[in-house]
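Accompanying notes for the structure given below.
The values are calculated or read from the model by the stated rules, or taken from the named source; none is laboratory data. Please read all numbers here as calculations on a predicted model, not as lab measurements. Heads up, the Cβs are rebuilt from the backbone with ideal geometry, glycines too, and the neighbour counts pull from every protein chain shown.
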Amino acid sequence: MVRRLWFRFLRDNVFLISGQGTYTGKIRNVCAKEIVTILRREASCRFILSGVLAISKNDATASLDFGDGSCDSKGLLTYSNGDMREIFLRRLIGIK
């Protein structure tokens, strides 16, 4: 019973995520991620609800817009040439 009450307590938590990271692989591929607009995640939803993540690998860049705050599995991936593609997100990106 205590476990159930604890879970209900956590359901209203909101997490705001910011930051950046860079990784250089063995064959000199440079991958970077930077949160451009703070990512919002609520414990009551399996997905990140809003925010924008910039992604780059060597000279290729793209941005991932997580949406308007709706709890859905959709994101909008925009490439550097302006092409856009709606994608379906997996459970959580980088968060267990």
Quiz item: Restricting attention to the range 1-25, which residues are surrounded by 10 or more Cβ atoms within 10 Å (Cβ to Cβ), within 19 Å of the chain's Cα centre (by Cα) and at pLDDT 90 or above?
Solution: L16, I17, S18, Q20, G21, T22, Y23
Quiz item: For the range 36-59, what are the residues that are more than 14 Å from T78 (Cβ to Cβ), within 11 Å of the chain's Cα centre (by Cα) and of a type in the set (S, T, N, Q)?
Solution: S50
Self-check item: Residue selected from the range 42-73 under the condition of a type in the set (D, E, K, R) and part of a strand (DSSP E or B), by the criterion nearest to I27 (Cα to Cα)
Solution: K57
Exercise. Would you mind stating whether R91 is modelled with pLDDT under 90, loosely packed, with under 10 Cβ neighbours inside 10 Å and under 12 Å from the mean Cα position of the chain (by Cα)?
Key: yes
Quiz item: Which of the residues spanning the range 26-41 are of a type outside the set (D, E) and either part of a strand (DSSP E or B) or surrounded by 10 or more Cβ atoms within 10 Å (Cβ to Cβ) (or both)?
Solution: N29, V30, C31, A32, K33, I35, V36, T37, I38, L39, R40, R41
